[in-house]
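Single-structure report; data block below.
Read the figures in this text as sums done on the coordinates, not as results from a lab. All of these numbers come straight from a predicted model, not from anything done at the bench. Note that each Cβ is placed from the backbone with ideal geometry, even for glycine, and that neighbours are counted across all protein chains shown.
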Amino acid sequence: MRVRPRRGQSQKSALDESFTPSAAPLRRVNRWLVEDLRQDLADLYVESCETEPGEDCRSRSREDFLNRLTGDIRRPGFAMVIAETDGLVGCAFGFPVRSEGFRWLGFDGELLRSFEQLTESDRAFAITHILVRPHPQSQTLGRRLQERLLDDQQASLGATLVDQADHPALTAFRAWGWQDIGEIWRPTDHTMFRVLVLPLGERTVARLEGLAPQSWTRWTG
């Protein structure tokens, strides 16, 4: 997830007064419209990056994002919410995950069993990306996007993975009420991810509170 201003951001990105997160309309889009928005979404991804890499690195990052987007679109139940003002200024997307489906994300062992306890009526939803144009109020829009996406899905549990080194994103999620319950090391990415969940509804909240801290563990995906 990327929801913070980047270093060296342009005046247009940072100070555009027409971009008011509290007023940006949100709408749900289907997978066919997402295909039409692919390049705009890739632009938003690159713009939302914290650092400003060289052109070759930027190009690879853009291509990697488009490849991941293609994979997500193909998942059953894929859903996306976008925000627009004069153009695309934000999006959030992901897919529903049944209890057994957490294995697809690399979950294993005790933490997998913990998620199975948390998941009620197979209404867990994995958010894979939240992207927002850099702006001092970008976290406000990020929160609105994730709330709308989970509400549209009538999810009882939100789940996401965040790069452990991405401190701004972790801070934003925790401020929105997400709880950190473990970590995963992915050798292919050489990255440690924090596992965050957002329980929705009293029963799911109670189940999370009932999980023993020792069941929050590290695993390899």
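Structure above, values below:
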{"read-out": "Packing-based ranking, highest mean first, of 130-136, 43-49, 164-170 given that Cβ atoms within 10 Å are counted", "value": "130-136, 43-49, 164-170"}
{"read-out": "Label-to-label distance, nm, for residues given as residue 22 and residue 202 (7 Å Cα→Cβ offset)", "value": "3.2"}
